[in-house]
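Asks: Next up is a structure, given as structure tokens.
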Number of protein chains: 2
Amino acid sequence: MSLEELAERIKSFEGVTRKKQIEDIVSIFEAVRPEYGDAIVDFGDDAAVIDIGGDDVILFAADGIWGRLLDASPWWAGYGAVVVNINDIAAMGGKPLAMVDIASANSPQACRELMEGLAEGVRKFGVPVVGGHVHPDTRYNSLSVAIIGIVKKDCVIRSDTAKPGDLVIAAYDMDGKIGPNSPYSWDTTSFKEPSVLRKNYLVTQEIAKKKLVSAGKDISNPGIIGTLGMLCETSRVGASVDLEKVPRPVDVDFEQWLKVHPGTGYVFTAGSKNAEECVDVFKKAGLTSAVIGIIEEGSKLDMYDKTGRVTVFDFSKDSITGIVSETGIVSE
Amino acid sequence: MSLEELAERIKSFEGVTRKKQIEDIVSIFEAVRPEYGDAIVDFGDDAAVIDIGGDDVILFAADGIWGRLLDASPWWAGYGAVVVNINDIAAMGGKPLAMVDIASANSPQACRELMEGLAEGVRKFGVPVVGGHVHPDTRYNSLSVAIIGIVKKDCVIRSDTAKPGDLVIAAYDMDGKIGPNSPYSWDTTSFKEPSVLRKNYLVTQEIAKKKLVSAGKDISNPGIIGTLGMLCETSRVGASVDLEKVPRPVDVDFEQWLKVHPGTGYVFTAGSKNAEECVDVFKKAGLTSAVIGIIEEGSKLDMYDKTGRVTVFDFSKDSITGIVSETGIVSE
């Protein structure tokens, strides 16, 4: 496959294109943004940042689970909902505090499996579900989970603060396997002990406290390049990625790897002075980490290898979420 | 209709019986309650109470909207989701800070109406939506909203702390109308100015600060008697209600009135010394309020009028949520 084909496949990947719908929500809520408000304005970030008046801020996020994943396996949907919510808080440098869930199920069995998947996530990550609703008699299955976390105000890792010249760091758990219900899910948690997982996700709290990074985001449905694209779009910067530096498992196709949603995975940016220490901290926590590129002036996210260089996104004409630093209040 | 018939109709009302499913969730999450945790244990309450280490605690709640209401009117579902979430925080004496939503819609029009209803709620109550997801291409409509609020730790109004001898106070906005999509919805907000509404819902923050009440809960789908029943069940007490003291509109059937879910409405309990002041504070905020009964030893919620006395719930054999103070961690 040529670089051009690879870029086109990433750009048209459903994990990327489904992010576009965020723009519509923003436009509606923008018009009614309250005249007062405790939200430290954050745009298209993993979690919203709520000022509560002291040194700490509250992080607040919500994630739903795609219907097809839920129908394929209610257990995995329940479990996965915990993982993605934990990641939303971890990506911002925060400590997860508690979750609430709203579930709908079309059978008692689906309902029980879904709840048991959620409960397994609670057991693994040690973050409680403290409330919620179940609608056990719907014609469909759906699951929404919201999470809160806490972090020092001056330590928050945002995704709209990357600066030209920053190095791009990828970090993820390579000890995983393609999940049972999607070729684009990379399960790194379900078969591991809680103590191992907590070390993995606590690492971002250490990075936040040490103020090693300028921006960051957890790798979600858009995959590594798509997630970096979202970070660039909201930060109003470009970037270039050296594909040969992207750590990859030997037994997964590279295009597929660039699209996976890992159980634990981040794209962070840092000044050149801190990038090495950041990579080291990730490695000590058991993740694979490497500098894979650099943030640049402009609006283009390029990737290159020895065969050439290609633009994946040009935010002067493309958009992933459509959210840039001045236009919205919606986290995703 | 005889008192016995009225009691049976309240007990078998869907708004009451649907609360039973909470018990199953609790039993699953109980088994995996983390060994550590920042949740101040709260049982079947309107919102969970999360300790963040200082004088303040974070309130955290979630509510879904019944499918049939959503299909009947996506706008009302979106708007109503804001109202019920605001009420969850208000009932605990808290200040609402922010909401997140997860919505699924089966058509672009349903999606837009739903979002516009949410946005109108934001405009009315001045609490921002700071994040969320939309799935615009599902086969069904669904909406989940989560909310956070803040309150001083020693001012939280819980629902599991009513004591025998406390008086039962009802407070609600009588300036309303039966909602367009359900005979059991009492709309008191959609046609009023934001300034009026904010006065209505800020009143519970004043009552919390003055520590006037021993327990409280917002009146939701189970109606006035059913909501008091949930408060009695989780507080492990009984109560008796003098039906002739229950304020009612002249133009709504009394059985229907006892089942309505008001836009703004609370059942609070207070020692006899404070009950009068509490009623006065509610009245000054524009709500109708009255002492309607008393909390008693035992497990029976009775109601009476001049024709006799009848037991609606006997928690030694009945249950609404099945949650009592020692058995769960799930708010509802």
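Asks: In whole angstrom, how long is each semi-axis of the equivalent ellipsoid of chain B, when you take the square root of 5 times every eigenvalue of its Cα gyration tensor and sort them from largest down? Working shown, then result.
Replies: Numbers: eigenvalues 162, 107, 85 Å².
For chain B, the semi-axes come out at 28, 23, 21 Å.
Asks: Here is a follow-up. So for each of A:212-219, A:141-148, B:3-10 I average, over its residues, the number of other beta carbons within 10 Å; can you give me the resulting order with the highest mean first?
Replies: Top of the packing list down: A:141-148, A:212-219, B:3-10.
Asks: Then there's this: Taking N as the number of residues in region A:38-152, what is its Cα Rg relative to 2.2 N^0.38 Å?
Replies: Numbers: Rg = 14.6 Å, N = 115, 2.2 N^0.38 = 13.4 Å.
Relative to the rule-of-thumb radius for its length, region A:38-152 sits at 1.10.
Asks: Determine the principal axes of the Cα atoms in region B:76-206, then give the extent along each, sorted from largest to smallest and rounded to whole angstroms.
Replies: 53, 32, 29
Asks: What does the structure give for A:91-98 when I average, per residue, the other chain Cβ atoms found within 10 Å of the residue Cβ?
Replies: Details: counts 0, 0, 0, 0, 2, 1, 9, 11.
Whole-number average of other-chain Cβ neighbours for A:91-98 is 3.
Asks: At a Förster radius of 41 Å, what calculated FRET efficiency corresponds to the Cβ-Cβ distance of A:Arg198 and B:Glu14, to the nearest 0.05? The partial results should precede the final answer.
Replies: Values: r = 42 Å, r/R0 = 1.03.
Here the calculated transfer efficiency is 0.45.
Asks: Note the buried accessible area between A and B here, summed over both chains, with a 1.4 Å probe, in Å² to the nearest 100.
Replies: Numbers: alone 14320 and 14350 Å², together 23200 Å².
Summing both sides, the interface buries roughly 5500 Å².
Asks: When the helix-only estimate is applied to chain B (DSSP H runs of n ≥ 4, each -39,500 (n - 2.57), divided by the residue count), what is the mean residue ellipticity at 222 nm, nearest 500 deg cm²/dmol?
Replies: Working: 10 runs with 112 residues, N = 332.
That comes out to -10500 deg cm²/dmol.
Asks: For an R0 of 30 angstrom, estimate the FRET efficiency from the Cβ-Cβ distance between A:Ser272 and A:Arg123 and round to the nearest 0.05.
Replies: Details: r = 41 Å, r/R0 = 1.35.
For A:Ser272 and A:Arg123, the calculated efficiency is 0.15.
Asks: On full extension of the chain, what length is gained from B:Arg248 through B:Asp314, given 0.36 nm per residue of separation minus the C-alpha to C-alpha distance?
Replies: Working: separation 66, 0.36 × 66 = 23.76 nm, distance 2.55 nm.
The B:Arg248-B:Asp314 span can extend by a further 21.2 nm.
Asks: Moving to a separate point now. From the P(r) of region B:206-332, can you give the percent of Cα pairs sitting at distances over 20 Å?
Replies: Values: 3583 of 8001 pairs.
Here the long-distance tail beyond 20 Å is 45 percent of all Cα pairs in region B:206-332.
Asks: Right, another one. In straight Cα distance, which aspartates and glutamates are under 13 Å from B:Lys317, not counting same-chain residues fewer than 8 positions off?
Replies: Partners within reach: B:Glu233.
Asks: Report the dimensions of region A:176-251 along its three principal axes from the alpha-carbon atoms, largest first, rounded to Å.
Replies: The Cα atoms of region A:176-251 stretch 38, 32, 22 Å along their principal axes.
Asks: Looking at chain A, send over the antiparallel percent of its DSSP beta bridges, to the nearest 5.
Replies: On the way: 52 of 64 bridges.
Just about 80 percent of them are antiparallel.
Asks: Let me ask another. If each label sits 7 angstrom from Cα along the C-beta direction, how far apart, in nm, is B:Arg68 from its counterparts in the other copies?
Replies: Here the equivalent label points are 3.3 nm apart from this one.
Asks: Per-residue HN-Hα couplings for region A:272-281, Karplus 6.51 cos²θ - 1.76 cosθ + 1.60 at θ = phi - 60°, whole Hz, x for Gly and Pro?
Replies: Rounded to whole hertz, the list is 4, 5, 8, 4, 5, 4, 4, 4, 4, 4.
Asks: Once the label point is placed 7 Å from Cα along Cβ, list for A:Lys245 the distances to the corresponding points in the other copies, in nm, shortest first.
Replies: Between copies, matching label points for A:Lys245 lie 7.4 nm apart.
Asks: Continuing with this model, one more query. In what sequence, largest accessible area first, do B:Cys232, B:Cys111 appear using a 1.4 Å probe? Walk me through the intermediate numbers first.
Replies: Working: B:Cys232 0, B:Cys111 25 Å².
Of B:Cys232, B:Cys111, the descending order of accessible area is B:Cys111, B:Cys232.
Asks: Filter the cross-link list A:Lys199/B:Lys153; A:Lys152/B:Lys124; A:Lys19/A:Lys163; A:Lys209/B:Lys95; A:Lys152/A:Lys284 down to pairs whose alpha-carbon distance in this structure exceeds 25 Å.
Replies: Details: A:Lys199/B:Lys153 31 Å; A:Lys152/B:Lys124 31 Å; A:Lys19/A:Lys163 23 Å; A:Lys209/B:Lys95 29 Å; A:Lys152/A:Lys284 23 Å.
In this structure, A:Lys199/B:Lys153; A:Lys152/B:Lys124; A:Lys209/B:Lys95 lie more than 25 Å apart at Cα.
Asks: Mind checking A:52-58 for the average number of partner chain beta-carbons within 10 Å of each residue's beta-carbon?
Replies: Values: counts 8, 3, 5, 1, 4, 0, 8.
For this peptide, the per-residue mean of nearby foreign Cβ atoms is 4.
Asks: Count the DSSP beta bridges whose two residues both fall in the protein assembly as shown, then state the antiparallel fraction as a percent rounded to the nearest 5.
Replies: Working: 104 of 130 bridges.
Roughly 80 percent of the beta bridges in the protein assembly as shown run antiparallel, per DSSP.
Asks: Let me ask something else. So, with a 1.4 angstrom probe, what is the percent of accessible area on the protein assembly as shown that is carbon and sulfur?
Replies: Numbers: 11580 of 23200 Å².
Summing carbon and sulfur atoms, their accessible area is 50 percent of the total for the protein assembly as shown.
Asks: If you bin the C-alpha pair distances of the protein assembly as shown every 20 Å from 0, what whole percents do you get?
Replies: 20, 52, 23, 5, 0
Asks: Across peptide A:105-115, how many C-beta atoms of other chains are within 10 Å of each residue C-beta, on average? Mind dumping the intermediate values first?
Replies: On the way: counts 0, 1, 0, 1, 0, 0, 3, 2, 0, 1, 5.
What the average comes to for A:105-115 is 1.
Asks: Quick one: with label points 7 Å out along Cα→Cβ, list the inter-copy distances for A:Asp55 in nm, shortest first?
Replies: 1.7
Asks: In region B:38-152, what % of DSSP beta bridges are antiparallel (nearest 5)?
Replies: On the way: 24 of 30 bridges.
So the antiparallel bridges amount to about 80 percent of the total.
Asks: Let me check against my output: what whole-number percent is the relative contact order of chain A, with C-alpha pairs under 8 Å and at least 6 apart?
Replies: Reported as a whole number, the value is 26 percent.
Asks: Gap in Å between the Cα centre of region B:115-165 and the Cα centre of region B:183-222?
Replies: Distance between centres, Cα-based: 14 Å.
The values are calculated or read from the model by the stated rules, or taken from the named source; none is laboratory data. A quick note: this is a predicted structure, and the numbers were derived from the prediction, not measured. Using ideal geometry, Cβ is built from the backbone for each residue, glycine included, and neighbour counts are taken over all protein chains shown. When the accessible area is computed, the model is the full protein with side chains, heavy atoms only, and any ligands, DNA or RNA have been set aside. Shrake-Rupley method; radii C 1.70, N 1.55, O 1.52, S 1.80 Å.
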